[in-house]
Amino acid sequence: MLGLFLLGVAAFAYLYVTTDIPTPNQDFTSQTSFVYYADGHHEIGRFASQNRTSIPLSKVPRHVQQAVIAAEDRTFWTNKGIDPKGIVRAAFSNVRGNPTQGASTITQQYVKVYYLSQERTFTRKIKEAFVSLKLQRQESKAQILQGYLNTIYFGRGAYGVQAAAQAYFHRDAPDLTVRQGAVLAAVLNSPTALDPAEGPDARARLLGRYQYVLDGMATAGDLTTAEATRLGRHLPAFPKTTTEDRLAGQKGHMLALVRKQLLAKGFTDQEIDGGGLRVTTTFTRNAMAAAAKAVHQQEPKGLKQLHVAVASVDPQDGALRGLYAGQDYLKSQIDWATAGGSPGSAFKPFALAAGLQDGYSLKSTFQGNSPYVFPDGTKVVNEGPGGGHDYGARISLTQATVESVNTAYVDLTESMQDGPRKILDMATAMGIPRDAPGLEPVAGISLGSATVSPVDMANSYGTIADGGRAKPWYVIAKVTDPDGSPRYRAPRQTHRVLPDDLDRDVSYALQQVVARGTGANAQALGRPAAGKTGTATNAAGDVSSSWFVGYTPQMATAVMYVRGDGNDALNGYLPSYFGADYPTRTWTEAMSETLAGRPVERFPPPANVEPTRGDHRPRPTFTPSPTLAPTPTRTPSPTVTVGPTRTVTATPTPTPTPTRTPTPTPTPTASSTPSASSSPTVSPSTSPSRSATASPPPSRR
């Protein structure tokens, strides 16, 4: 007997010495990362390997701690970390093939979850006991209880008391009542069987366990018998449970964009999913709701292949405030607000800015008649029936912008030395990514055949709204660790790309688009606005995208309509496919909601144009028609191909005027018929990419 006793002691000592406290399970060293709106308070969503948020024991109400001890380990404060009787009982149960018995202490449960596994074996149970003995010698009871309350599973996907408080009662752990705390302690025994959402039987089982917890608290002196009896008469009220997916609607698109930007800033997937980050975004609830409301109110119903994208950017700092990425994220993960399409004539403001930078003025005139014929016989036509609408032999750059005249803008491009390159450089300086698909310095660059996202278009127009100052758009405002330590804060980045006088002239022309041109539907906003419509055609000559991009001094917004894979025909599908209709009305609705309650701000006057009194101000009495009628008389023109060299057909290259005074109208030196002998030739060496055949879209409006 003595030998057996000594052998047992020796075995115990050996196992105790050789058993090390393992490295914590990776899942339980992680914490949920939270993503918030710009106010830093309202939650957008979460990134998590587990739904778990650690909190210090000081934030767990005393009565919740007492309830958990009454439910799970009534000798917690006095035991040595193990329950010898419970271990023997569990071991014999396993040997006999019966279900594992309980009676594990809080320390043992914590060790099993945090350090070991859920494996139900005799060896795991023995190791659990020795790790528990060691742990209770290395950590205080308070530390063990804190760890337990932050890791144990409460059901409903919630690990830890903070996540459980939100899952069951939609409140934080410090705000739990005695009844609510006792319920959470009760469900620990069997989270699924005791979940009140599972029906009357589950509620009845929960009530019995709940009363057991209250009785234990009374026995320990934490409650009086009368209090326990009174509280035990019924369960507390439970908020209605919802089955809404956390990624449904636009939230999935928002979180995907946030993750993408976090990764780009050097955060790892492990940090994002388990680092407990607190991410404050630039999104505002108002702008997000405004974009969704505008789309749902304005888009035609029943068109399942239709994709509408909206992006609103603050022109002062580049913050992305509102986003509508398309379909419900659960149905499609394509974010059309960042995927984009061809903006068509909405790209013309970049050519306008480049032309002014090159020395032209808004009074300079260019070819208004259709078609514009290149020396090799290829043509660019204006929108309209029969070969395109004629606007006159010579029209001002302002009028060309107001009416979105293709021939005038191609003429402008060709009239500048290396014009396509200058337009490309201006577009990228203002915010269009250089790697945008199809963005090349070709003769038809001003007609917008490249693929550009609504977010980039809104941000680039924001450059004009902010006086010619460009900045990158962004979504992440700041990131902190769980304890509030800063990890990242968005820098303020801005640089001037347009002199103030030129920027005001560009803005003036775009204001005229709203005041008396293709953007007239935006007048319903009832405050000064500027913008540009756009439609683009695909290789088959069908309209493939429809746009309106515009701004006020406080916000820049882009709206895009596309279909199918983004290149399918809108004509014959939408009642009206022009940017002046659905996109402009959607823009107006979104901006109206976004700017509601904000003061009306006016644009500065143009620098080199004497405006007609009031012509740059919108007419707030305009009321758009609620019904959009089709426009059957307008059809897109066939695709044209521009040859390897270009001959200026009407206007010689002007000499830039450094003082930025209005430039006199260039005098044509040739007839409307192209002639190599009467016009200077642009050498391919000055524009390398123009030596290859390019196909600009024929009709952008």
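Matching residues to (1) at pLDDT 90 or above; (2) under 23 Å from ALA311 (Cβ atoms); (3) assigned to a strand (DSSP E or B):
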| position | (1), (2), (3) |
| --- | --- |
| ASN521 | yes, yes, no |
| GLY541 | no, no, no |
| GLN554 | yes, yes, no |
| ASP568 | yes, yes, no |
| ALA607 | yes, no, no |
| ASP615 | no, no, no |
| PRO620 | no, no, no |
| PRO624 | no, yes, no |
Go through the residues of the stretch 457-473 one by one and say whether even a single one is more than 30 Å from THR280 (Cα to Cα), in a helix (DSSP H, G or I) and in contact with a Phe, Trp or Tyr (Cβ under 7 Å, 6 or more places away or on another chain). no
All helices (runs of 4 or more DSSP H) inside the stretch 30-145 with 1 or more residues being modelled with pLDDT under 90 and under 22 Å from GLY275 (Cα atoms): 106-114
Subset of the stretch 553-569, residues out of contact with any Ser or Thr (no Cβ under 6 Å at 6 or more places or on another chain), of a type in the set (A, V, I, L, M, F, W, C) and either open to solvent by 10 Å² or more (accessible area, probe 1.4 Å) or over 24 Å from TYR474 (Cα atoms) (or both), comes to ALA569
For the stretch 341-360, give me the residue count where each residue is open to solvent by less than 10 Å² (accessible area, probe 1.4 Å) and under 23 Å from ASN538 (Cα atoms). 10
For the stretch 411-435, which positions are touching a residue at least 60 places away in the same chain (Cβ under 8 Å), in a loop (DSSP other than H, G, I, E, B) and either under 25 Å from TRP336 (Cβ atoms) or not polar (S, T, N, Q) (or both)? MET416, ASP418, ILE432
Of GLY579, GLY531, GLY519, which residue is surrounded by 21 or more Cβ atoms within 10 Å (Cβ to Cβ), touching a residue at least 24 places away in the same chain (Cβ under 8 Å) and in contact with a Leu (Cβ under 7 Å, 6 or more places away or on another chain)? GLY531
Against the definition (surrounded by fewer than 24 Cβ atoms within 10 Å (Cβ to Cβ), among the charged types (D, E, K, R) and under 15 Å from the mean Cα position of the chain (by Cα)), how does ASP314 come out, yes or no? no
The lone condition THR192 fails out of (1) under 37 Å from the mean Cα position of the chain (by Cα); (2) touching a residue at least 24 places away in the same chain (Cβ under 8 Å); (3) closer than 21 Å to HIS63 by Cα is (3)
Please state which one of THR537, THR557, THR552 is farther than 19 Å from GLY322 by Cβ, touching a residue at least 24 places away in the same chain (Cβ under 8 Å) and β-branched (Val, Ile, Thr). THR537
Name, by its number, the condition in (1) without any contact (Cβ under 8 Å) to a residue 12 or more places away in the chain; (2) under 25 Å from ARG246 (Cα atoms); (3) of a type outside the set (Val, Ile, Thr); (4) part of a helix (DSSP H, G or I) that does not hold for ASN150. (1)
Within the stretch 285-305, the residues that are open to solvent by 10 Å² or more (accessible area, probe 1.4 Å) and touching a strand residue (DSSP E or B) at 6+ places or on another chain (Cβ under 7 Å) are MET288, ALA292, GLU299, PRO300, GLN305
Across the stretch 491-516, the tally of residues that are part of a loop (DSSP other than H, G, I, E, B) and open to solvent by 20 Å² or more (accessible area, probe 1.4 Å) stands at 6
Please work out which one of (1) within 20 Å of GLY579 (Cα to Cα); (2) touching a helix residue (DSSP H, G or I) at 6+ places or on another chain (Cβ under 8 Å); (3) not aliphatic (A, V, I, L, M) is the condition TYR372 fails and give its number. (1)
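The values are calculated or read from the model by the stated rules, or taken from the named source; none is laboratory data. Worth saying up front: this structure is predicted, and the values here are computed from it rather than measured. Because the Cβ atoms are built from the backbone with ideal geometry, glycine has one as well, and the counts that use them run over all protein chains shown. These accessible areas exclude ligands, DNA and RNA; they are computed on the full protein's heavy atoms, side chains included. Shrake-Rupley method; radii C 1.70, N 1.55, O 1.52, S 1.80 Å.
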